[in-house]
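The values are calculated or read from the model by the stated rules, or taken from the named source; none is laboratory data. Computed from a predicted structure; not experimentally measured. Cβ atoms come from the backbone with ideal geometry, glycine included; neighbour counts cover every protein chain shown. For the accessible areas, the whole protein counts, side chains as well, though only heavy atoms, and no ligand, DNA or RNA atoms are used. Shrake-Rupley method; radii C 1.70, N 1.55, O 1.52, S 1.80 Å.
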Amino acid sequence: DMVDKVQLYDKKSDQASFTGIDDGVKNKTINIKLKEDKKNGSFGKVDAGIGTKKFYQGQLLYNTFKARQKIAAFAIAANTGKTGLGWDDQNKFGESNVTMSEDGGYMMYGGPRWDDMTFFGEGIPLARTGGLHYDNKWDNDKHSINGNFKLGSLAVDGTKNILSQNNLTEGIIFNNSDQTFHNFVSRQKFDGVYQLKIDTTSNLKFTFDGTFKRNQSFNNTISESNRNVSPDGNRRLDTLLNRSNTNILSNADQRVFNASLFYTKKLKKKGRTLSVSLGTSFNERNEKDSLKSTIEFYKKGLLDRTQLNDQLRTNGTNYTSVNSNITYTEPLTSKLSAVINYGLNVNNAAIDRRTFNQSVPGVYNAQVDSLSSDYKLDQLSNQAGLIFNYKGDKSIFNFGTKAASVNFKQQDLFTGTMFKREFINWFPQANFTYKFSQRKSLRLNYYGRTSQPSIEQIQPVRTGNDYLNYALGNPDLTPSFNNGISANFNSYKVLSEMYFSIYASYNYTINPIVNNLITDIDSGKTIYQSVNLQGKNPANYNIQAYLQKKIQKLDINVDLSASVNGSTNYNLVSDKLNITTSNTYQASLNLSKYKQKKYSIYMSFTPNYSTGKSSLQTGINNNGAGYSTYGAVTLYLPLKFQLQTDYNYTYQAKTQTFDKSFDLFTWNASVTKAFLKEENLKLSLSGSDLLNKRTGFSRNGFTQSTASVIRRYFMFSVVYEFNKMGGAKKQ
């Protein structure tokens, strides 16, 4: 009852809205306009749950409004994997891109999540987070401010097993490692936006954010490497190469700050604009860790020698940058415009890494020069660009390029050496959009970009994390160039409620930078170095088709999709070319049916088939089939009861690399009872992974992993939502 009207439309990009030059970019936007008497008050939610095996979950969300001023707060504590607000609660708090429109409505459109403390499902988590949000407009909307503050922590404990296959010219090395880990991160973050409407033609926008973060981690890894396979592709792990036991304890503190100023001005001639941006960034991280490892090397299955490592390491990094850009748009004709820009960027960095052995027991002050360094990096970049934009009755075409002249200087303060580079980065682009009608369009895109070798590839610094694998620098590396082409067709028919789209992309790299791996087949040690590969172009492709149709007679929504994607990659193994190819074929059928306050049903079935092979071992591939199916049902029962259940089944067949198939069936269910007139008090009992089958399994190419995860538990929850907007009192 708070909503006056809901508007759905295509929102232009910020650049197009300002310049008046349509770039073809549109975002679906919802404008929710509130009734005038409903813009004051408060609403929120309290959600608390306690479960078996000491699982719990709690959330508090509060919002208060006064005209165009909003204040919101939230708090979360959980060990169930919940680390932030859900989609619905994000909108209420302000984590989504929610802004107020000129007439006092609220604008919502998709964007990056503000919460960057993410749990990926491996291990057992413990999260505690909270935040504050404030936004306001005043002086006839001349001034506006939007700010957030958030603090929280996330601890994850778990175990993980990783199996991987390394294809060599002389045979295969199979690696098996078991990890036990504890990771803890605590973070405080603030960000804000202040906007000033100077007059009807000019605006000023100031944005800033800062983060204070502390990381603590412990990792124990026990690994083993074996050599050779039998001719029929079944592994025969009969030659032990090495065993290792490594412990790393790490503590790190980090400070990050970013700020930018953006000024825009519309000039007298329509379409003629000027914008100026200035930004600065600061990132400082100080880390200290200890490494203890034991490596046993074997020959013909017998222990040959043992290497012991016991070291203390410090790592201090400091990055600062200042960036500026001036953009000018000029309408050349009624349909053709030009966008000209120039930018000056300055980047500086200092990297000080030291490794110490013990001089006497317990005293780490004997510096290891081969694992220590002190670098200073300075980079000056001048960037200029020219983009043309043509807008016809049904078509939009923009094309042009940007180029950057970069001067790079790297100074090794540890040895006194200097390394300088000068290069040009190119960024060509072309985009074409054709609208057959309001609901049918075709979009073609091309981009190109120069990719410079990283500092680690040119002059890497050995850290000693892995004494079985380490890198060599290559100062002779030259830039690679990436090309990307894509096409997208969309069509929607309103009367028949049918939507169809097809998307295709192809990307390839010229003069790629690849790894040259030199592995000692007798010990399993690997040295890798980045090199340019002439005459070969790593590539990947992706084709997707999607059809959505509503069957009116049955009132069922049907979604059909099919996709094909693959890649061809190159690397060198002892200077011999290795070509790795992979392809995945997938189809999907989704069925859904919904009747308000009665039921909701959703089912999907997705078969797939993957191929993978290496040119160095042509007799062995990683081909395998699989499929997954998912279903969810919600029933609204008498007496305000609600029953919900869902399942997920996944199957992956065995391959020549991994000789065991994998299948997993998980089942969740809950029953909820609503109380009070507005049904805003709910009690629920839920069960997660009822069959106790969940496992953190994943398989990607020639690597397979299994991790500890949250398994079966039951939880009783109480949810209370309150609403006192515009004088309404709903209890």
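Specify which of the listed residues (Asn516, Asn540) is over 25 Å from Tyr447 (Cβ atoms) and either open to solvent by less than 40 Å² (accessible area, probe 1.4 Å) or within 26 Å of the chain's Cα centre (by Cα) (or both).
Values: Asn540 fails: over 25 Å from Tyr447 (Cβ atoms).
When all the criteria are applied, what remains is Asn516.
All but one of (1) among the basic types (Lys, Arg); (2) closer than 30 Å to Val494 by Cα; (3) modelled with pLDDT of 90 or more hold for Arg449; which doesn't?
In the conditions (1) among the basic types (Lys, Arg); (2) closer than 30 Å to Val494 by Cα; (3) modelled with pLDDT of 90 or more, Arg449 misses (2) alone.
Take the residues in the range 180-203 that are open to solvent by less than 60 Å² (accessible area, probe 1.4 Å) and of a type in the set (D, E, K, R); name whichever of them is farthest from Thr118 (Cα to Cα).
Out of the qualifying residues, it is Asp191.
Could you go through the range 170-179 and let me know if any residue there is of a type in the set (Asp, Glu), farther than 18 Å from Gln704 by Cβ and open to solvent by less than 60 Å² (accessible area, probe 1.4 Å).
No, there is no match, as no residue in the range 170-179 is of a type in the set (Asp, Glu), farther than 18 Å from Gln704 by Cβ and open to solvent by less than 60 Å² (accessible area, probe 1.4 Å).
Step by step: first the residues of the range 530-581, then only those that are of a type in the set (A, V, I, L, M, F, W, C) and not in a strand (DSSP E or B), then the one that is modelled with the highest pLDDT. Which residue is that? First the steps, then the outcome.
Within the range 530-581, the first condition is being of a type in the set (A, V, I, L, M, F, W, C), and the residues that meet it are 531, 533, 539, 543, 545, 547, 551, 554, 556, 558, 560, 562, 564, 572-573, 577, 579.
Subset that is not in a strand (DSSP E or B): 533, 554.
On the way: Leu533: 93, Leu554: 89.
Looking at residues that are of a type in the set (A, V, I, L, M, F, W, C) and not in a strand (DSSP E or B), I get Leu533.
Going by what's in this entry, would Tyr508 be described as open to solvent by 60 Å² or more (accessible area, probe 1.4 Å), touching a strand residue (DSSP E or B) at 6+ places or on another chain (Cβ under 7 Å) and not in a loop (DSSP other than H, G, I, E, B)?
On the way: open to solvent by 60 Å² or more (accessible area, probe 1.4 Å): yes; touching a strand residue (DSSP E or B) at 6+ places or on another chain (Cβ under 7 Å): yes; not in a loop (DSSP other than H, G, I, E, B): yes.
So Tyr508 passes the test.
Would you check if Gly701 is among the small types (Gly, Ala, Ser) and under 27 Å from the mean Cα position of the chain (by Cα)? Talk me through it step by step, then tell me what you get.
Details: among the small types (Gly, Ala, Ser): yes; under 27 Å from the mean Cα position of the chain (by Cα): yes.
It is true that Gly701 is among the small types (Gly, Ala, Ser) and under 27 Å from the mean Cα position of the chain (by Cα).
Taking into account only those residues within the range 694-706 that are in a loop (DSSP other than H, G, I, E, B) and touching a residue at least 60 places away in the same chain (Cβ under 8 Å), which is surrounded by the most Cβ atoms within 10 Å (Cβ to Cβ)?
Pass one, the range 694-706, residues in a loop (DSSP other than H, G, I, E, B): 694-695, 701-702.
Then keep just the ones that are touching a residue at least 60 places away in the same chain (Cβ under 8 Å); that gives 701-702.
On the way: Gly701: 16, Phe702: 23.
Looking at residues that are in a loop (DSSP other than H, G, I, E, B) and touching a residue at least 60 places away in the same chain (Cβ under 8 Å), I get Phe702.
Here are some conditions: (1) surrounded by fewer than 16 Cβ atoms within 10 Å (Cβ to Cβ); (2) in contact with a Gly (Cβ under 7 Å, 6 or more places away or on another chain); (3) not hydroxyl-bearing (Ser, Thr, Tyr). Ile527 meets all but one. Which one does it not meet?
Ile527 satisfies every listed condition except (2).
Please identify the pairs in which a residue from the range 481-507 that is of a type in the set (Lys, Arg) has its Cβ atom under 8 Å from the Cβ atom of a residue that is part of a loop (DSSP other than H, G, I, E, B), counting only partners at least 6 apart or on another chain.
From the range 481-507, the pairs are Lys493/Arg439.
Looking at this structure, is Lys299 in contact (Cβ under 8 Å) with a residue 60 or more places away in the chain and closer than 30 Å to Leu332 by Cβ? Can you show your working first?
Values: in contact (Cβ under 8 Å) with a residue 60 or more places away in the chain: yes; closer than 30 Å to Leu332 by Cβ: no.
Spelling it out, it is not the case that Lys299 is in contact (Cβ under 8 Å) with a residue 60 or more places away in the chain and closer than 30 Å to Leu332 by Cβ.
Of all residues in the range 629-680, which are over 19 Å from Met603 (Cβ atoms), of a type outside the set (A, V, I, L, M, F, W, C) and touching a Leu at 6+ places or on another chain (Cβ under 8 Å)?
Listed by number, the residues that qualify are Gln642, Thr672, Lys673.
May I ask you to say which residue of Thr417, Thr401, Thr433 is among the polar types (S, T, N, Q) and within 30 Å of Ser372 (Cβ to Cβ)?
Thr417
Starting from residues that are open to solvent by 50 Å² or more (accessible area, probe 1.4 Å) and closer than 26 Å to Val256 by Cα, keep the ones in the range 284-317 and report whichever is farthest from the chain's Cα centre (by Cα).
Among residues in the range 284-317 that are open to solvent by 50 Å² or more (accessible area, probe 1.4 Å) and closer than 26 Å to Val256 by Cα, the one farthest from the chain's Cα centre (by Cα) is Lys288.
Could you tell me which residue of the range 707-729 is least open to solvent (accessible area, probe 1.4 Å), considering only residues that are among the polar types (S, T, N, Q) and closer than 30 Å to Tyr649 by Cα? Steps first, answer last, please.
As a first pass, look at the range 707-729 and keep what is among the polar types (S, T, N, Q): 708, 717, 723.
Now drop any that are not closer than 30 Å to Tyr649 by Cα, which leaves 708, 717.
On the way: Ser708: 34, Ser717: 17 Å².
Among them, the one singled out is Ser717.
Please go through the range 358-407 and pick out each residue that is surrounded by fewer than 17 Cβ atoms within 10 Å (Cβ to Cβ), closer than 25 Å to Gly343 by Cβ, out of contact with any Leu (no Cβ under 7 Å at 6 or more places or on another chain) and charged (D, E, K, R).
Once the filter is applied, which keeps residues that are surrounded by fewer than 17 Cβ atoms within 10 Å (Cβ to Cβ), closer than 25 Å to Gly343 by Cβ, out of contact with any Leu (no Cβ under 7 Å at 6 or more places or on another chain) and charged (D, E, K, R), the range 358-407 yields only Asp378.
Which one of the conditions (1) under 26 Å from Thr568 (Cα atoms); (2) modelled with pLDDT under 95; (3) open to solvent by 50 Å² or more (accessible area, probe 1.4 Å) does Gln596 fail to meet, given that it meets all the rest?
(1)
Could you tell me whether the range 257-279 includes any residue that is within 30 Å of Tyr364 (Cβ to Cβ), open to solvent by less than 60 Å² (accessible area, probe 1.4 Å) and touching a residue at least 12 places away in the same chain (Cβ under 8 Å)? I'd like the intermediate steps shown before the answer.
Looking only at the range 257-279, we keep the residues that are within 30 Å of Tyr364 (Cβ to Cβ), and these are none.
No, every residue in the range 257-279 fails to be within 30 Å of Tyr364 (Cβ to Cβ), open to solvent by less than 60 Å² (accessible area, probe 1.4 Å) and touching a residue at least 12 places away in the same chain (Cβ under 8 Å).
Tell me yes or no: at least one residue of the range 663-679 is open to solvent by less than 40 Å² (accessible area, probe 1.4 Å), in contact with a Phe, Trp or Tyr (Cβ under 8 Å, 6 or more places away or on another chain) and farther than 30 Å from Asn63 by Cβ.
yes
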